[in-house]
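**Q** Quick one: the structure is below, and I'll ask about it shortly.
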Amino acid sequence: MKKNKLWLLSLLLLLVLSAVLAACSSGDKNTVDEGKKEEDKVTETDKDKDKDKDDKDGDVKDEGGNHTLVFGRGADSVSLDPSRVTEGESFKVTKNLYETLVEFGEQDTTTQPGLAESWEPSEDGLTYTFKLREGVKFHDGTDFNADAVVVNFERWANGDADMFPYYSSMFGGFKDDEGRVIDSVTAEGEHTVIFKLTRQQAPFLKNLAMNMFSIASPAALEKYGDKIESNPVGTGPFMFVEWKPNETITIERFDDYWQEGLPKLAKVIFKSIPDNSARLNELMAGDIDLADGINPSDGALIEKNDALQLFIRPSMNVGYLGLTVTRPPFDKKEVRQAMNYAIDKQSIIDAFFEGRAESAKNPMPPSISGYNDDIVEYPYDPEKAKELLASVGLADGFEMDLWAMPVPRPYMPDGGKVAEVIQKNLADIGIKATIVQFEWGTYLEKASNGEADAFMLGWTGDNGDADNFMYVLLDKDNIGSNNYTYYSNDELHDIFIAAQSEVDEDKRNELYREAQEIIHEDAPWVPLAHSTPLLGGAANLTGFLPHPTGSDWLSTVDFKD
C-alpha cells in the first residue's frame, strides 16, 4: 500500500513536471509577463505593433487597413493642445488629431477648404463669412458646428500670451487690445460663421490655416480644462490613445472621420529618439518606418539602401543664433554686428549640412515673397569683429553663455556640434562662450523668458507669408512669445502693421524689403542657414508627402504589400 502511494506520487510529480516543461518550451511570451510587475508588462500597443510589423512584411494579408506606422522623431511633444505651443514636435502630432477652417495644399501653402467648405470676404475686406462642412463629428461623438468655432476663438481671444502665444502674434492682440485684428466671431445658424475684423489683414486666411488654430471639441474643453493638453479631442483622421512622456505618443484611426476612405493606417506611433544616429539605426533595422531629422551626411546612405527611400521636405525655414538685446553687452548694436562678422557660417554649412543648405542673410528664406536679395551678407571677418568690440570698450572680449539646442531640428541637424564651432569662432575674437543645454521644453521656456545671452533656434514657416517670419519673430508685439531676442524697433513695428494691412502684393513686398534692411543693421540675430530637411522611410511606404511647414498629414500614408 505504501509502495503504491509512492508510485502514484511519483507519477503525479512526473506529470506536473512535464506540463511545466511543455509550457516553458511553447514560446508563449505571456507566461513570462505574468511574473512581471504591472508596469513591466508588454502593452497592447507593443503587441499591436508586432502584429502590424508582420502585416507590413507581407506575412499577413491586409485588406482592412490594419497597418501601424512608427514615426521616429528627435524629441517629444510639449503639448497636444496646438494653441498652447510654438514648436514643431507638438504640431507633428496635433496636425493629425485636429483640423482647421482652412487648410493648406498637399505640399504648399495655398489656401484650400477645410472644416469650412467655402468663404466669402466682404468688399471692404472686414467681414468673412464661412460656410461650414456638415456631418463632421468630434472624436467624442459631438457635432462640429458654428458654435464650436465660436467657443474656440473666444477661448483664445480671452487668453494671454502665456496661454496662447500664437494668437496675438497672428491676430494682433487679444480681446479689447487696441491692435487686435479679430473684432468678433459669431454663429449664424448651425453651419455659418461670421468673422468681423478691425482692419484688413492680408494673410488672414493663411493664418486661419495654421495648426495652432485647430478646432477642439467644446465638450472636451469643458470636461478637461487645461488638461486638454494631454486629452486632445478634435475632428481629425486620427484620435488620441496614449502618451508616454519622452517615449511614445499613439494615435489611432477615427472611424467616423468625414473624409471617406481615410485614414488608410490603423495606428500611428510617434517615437522620440533624440540621437540622429540612433534614429537612423532604428530605421535601417526596421524598428521604425519613418524618420525625420536625417543628417545631411546620411542622405546618400539612405539613397543607396534598397530597403529605404529618401524624402526631401520643401525648404521654408531659417536657423539662427538669437542675441537677447536686453542683456549686456548685447544691448549694443556693435556687439551684435561683431557676432555676425565672427561666425564662419560657410564652414558650419559645409561640415554639418553636406551642401543641403544655403547661407542665411535675412530672417526669412528666399522662397518667401518679399525677400530682399539686395542685402549684403555679413562676411566672415574676425578682424572687423574685433574692431567693433574695441569701439565699445570690449577690446579684451567678454564672457557669455551660448545656449545650444538639445534636439535636432530641420534647420539645425546637430545643435551641440554647431555650438562648438561657434564657440571656437568667438574665442578667436576674445569672447569666452560657455555652452549651455537644457531639456527641450525647458530650453524653449527659459529662452522665451529672456534668460539666455545667446541661443540657437530656428523657424519653419507656418503659412508661407513674410509676416509669419518677420512680425512673429521680431516685432515688439511678440516679445515674450515668439520674439525671444526681446528686440524692439518702433519704425519696424509700423512697417509690419502697414504690410499686414496692405492687400497690394507689390506694395507689401516693398515694405518687407525695407524691414529687412533695418533688421540687418540692428542685427538681433546671426542668421545661419536655410536648410533642405531630409526624412527617411521604408521602401514600401506610400502616400507620404512632406509638407514645407513641417507638419505632415498622415491620413494618406499606407504600406504596399
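**Q** Pairs under 6 Å by beta carbon, first residue in contact (Cβ under 8 Å) with a residue 24 or more places away in the chain in the stretch 536-561, partner among the aromatic types (Phe, Trp, Tyr) and outside any strand (DSSP E or B), six or more apart or different chains?
**A** SER551/PHE91; VAL557/PHE544
**Q** Identify, from the list ALA216, ALA202, ALA146, the residue that is under 24 Å from LYS92 (Cα atoms), among the small types (Gly, Ala, Ser) and open to solvent by less than 50 Å² (accessible area, probe 1.4 Å).
**A** Result of the check over ALA216, ALA202, ALA146: ALA216.
**Q** Any idea which of GLU229, GLU303 is among the acidic types (Asp, Glu) and out of contact with any strand residue (DSSP E or B) (no Cβ under 6 Å at 6 or more places or on another chain)?
**A** Numbers: GLU303 fails: out of contact with any strand residue (DSSP E or B) (no Cβ under 6 Å at 6 or more places or on another chain).
So the residue among GLU229, GLU303 that is among the acidic types (Asp, Glu) and out of contact with any strand residue (DSSP E or B) (no Cβ under 6 Å at 6 or more places or on another chain) is GLU229.
Every residue, every condition in (1) surrounded by 17 or more Cβ atoms within 10 Å (Cβ to Cβ); (2) without any contact (Cβ under 8 Å) to a residue 60 or more places away in the chain; (3) touching a helix residue (DSSP H, G or I) at 6+ places or on another chain (Cβ under 9 Å), yes or no:
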residue: GLU383; (1), (2), (3): no, yes, yes
residue: GLU387; (1), (2), (3): no, yes, yes
residue: ALA395; (1), (2), (3): no, yes, yes
residue: ASP401; (1), (2), (3): no, yes, no
residue: PRO408; (1), (2), (3): yes, no, yes
residue: TYR411; (1), (2), (3): yes, no, no
residue: ALA419; (1), (2), (3): yes, yes, no
residue: ASN425; (1), (2), (3): yes, no, yes
residue: ILE429; (1), (2), (3): yes, no, yes
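**Q** Mind listing whichever residues of the stretch 507-533 are surrounded by fewer than 24 Cβ atoms within 10 Å (Cβ to Cβ) and modelled with pLDDT under 95?
**A** Hit for the stretch 507-533 is THR532, nothing else.
**Q** Quick check on my filter: what residues within the stretch 254-299 are of a type in the set (Asp, Glu), crowded, with 17+ Cβ neighbours inside 10 Å and assigned to a loop (DSSP other than H, G, I, E, B)?
**A** Scanning the stretch 254-299 gives ASP289, ASP292.
**Q** Assuming GLU120 fulfils every condition listed in (1) farther than 28 Å from ARG253 by Cα; (2) at pLDDT 95 or above; (3) surrounded by 18 or more Cβ atoms within 10 Å (Cβ to Cβ); (4) in contact with a Ser or Thr (Cβ under 7 Å, 6 or more places away or on another chain) apart from one, which condition is it?
**A** (3)
**Q** Let me ask another. Which of the residues belonging to the stretch 139-165 are farther than 28 Å from ASP477 by Cα, assigned to a loop (DSSP other than H, G, I, E, B) and touching a helix residue (DSSP H, G or I) at 6+ places or on another chain (Cβ under 7 Å)?
**A** Scanning the stretch 139-165 gives ASP140, THR142.
**Q** Which residues, taken from the stretch 477-506, are open to solvent by less than 60 Å² (accessible area, probe 1.4 Å), of a type in the set (Val, Ile, Thr) and over 17 Å from PRO165 (Cβ atoms)?
**A** Those that are open to solvent by less than 60 Å² (accessible area, probe 1.4 Å), of a type in the set (Val, Ile, Thr) and over 17 Å from PRO165 (Cβ atoms): ILE495, ILE497.
**Q** Yes or no: the stretch 212-227 includes at least one residue that is part of a loop (DSSP other than H, G, I, E, B), within 30 Å of ARG508 (Cβ to Cβ) and of a type in the set (Val, Ile, Thr).
**A** yes
**Q** Considering (1) touching a His at 6+ places or on another chain (Cβ under 9 Å); (2) open to solvent by less than 30 Å² (accessible area, probe 1.4 Å), say which one VAL376 fails and leave the rest.
**A** Unmet for VAL376, out of (1) touching a His at 6+ places or on another chain (Cβ under 9 Å); (2) open to solvent by less than 30 Å² (accessible area, probe 1.4 Å): (2).
**Q** Could you check GLU354 against (1) open to solvent by less than 30 Å² (accessible area, probe 1.4 Å); (2) in contact with a helix residue (DSSP H, G or I) (Cβ under 6 Å, 6 or more places away or on another chain); (3) more than 19 Å from LEU473 (Cβ to Cβ) and say which number it fails?
**A** Against the list (1) open to solvent by less than 30 Å² (accessible area, probe 1.4 Å); (2) in contact with a helix residue (DSSP H, G or I) (Cβ under 6 Å, 6 or more places away or on another chain); (3) more than 19 Å from LEU473 (Cβ to Cβ), GLU354 comes up short only on (1).
**Q** Follow-up. List every residue pair whose Cβ atoms lie under 7 Å apart, where the two residues are 6 or more positions apart in sequence or sit on different chains, the first residue falls within the stretch 174-189 and is at positive phi, and the second residue, located anywhere, is open to solvent by less than 40 Å² (accessible area, probe 1.4 Å) and among the hydrophobic types (A, V, I, L, M, F, W, C).
**A** That search, which allows pairs on different chains as well, returns GLY189/ALA146.
**Q** Can you name the condition, by its number, that THR129 falls short on among (1) open to solvent by less than 10 Å² (accessible area, probe 1.4 Å); (2) outside any loop (DSSP other than H, G, I, E, B)?
**A** Condition not satisfied by THR129: (1).
**Q** Enumerate the pairs (first residue in the stretch 482-494 and on the phi > 0 side of the Ramachandran plot and at pLDDT 95 or above; second residue anywhere and crowded, with 19+ Cβ neighbours inside 10 Å and outside any strand (DSSP E or B)) with beta-carbon separation below 7 Å, excluding pairs fewer than 6 apart on the same chain, so at least 6 apart or on different chains.
**A** Once the first residue is on the phi > 0 side of the Ramachandran plot and at pLDDT 95 or above and sits in the stretch 482-494, its partners that are crowded, with 19+ Cβ neighbours inside 10 Å and outside any strand (DSSP E or B) give TYR486/THR324; TYR486/VAL325.
**Q** All but one of (1) in contact with a helix residue (DSSP H, G or I) (Cβ under 7 Å, 6 or more places away or on another chain); (2) at pLDDT 95 or above; (3) crowded, with 21+ Cβ neighbours inside 10 Å hold for GLY319, so report the exception by its number.
**A** (1)
The values are calculated or read from the model by the stated rules, or taken from the named source; none is laboratory data. From a predicted model like this one, the values you see are computed outputs, not experimental measurements. Virtual Cβ from ideal backbone geometry, glycine too; neighbours counted across all protein chains shown. These area figures cover heavy atoms from the full protein model, side chains too; ligands, DNA and RNA do not enter into them. Shrake-Rupley method; radii C 1.70, N 1.55, O 1.52, S 1.80 Å.
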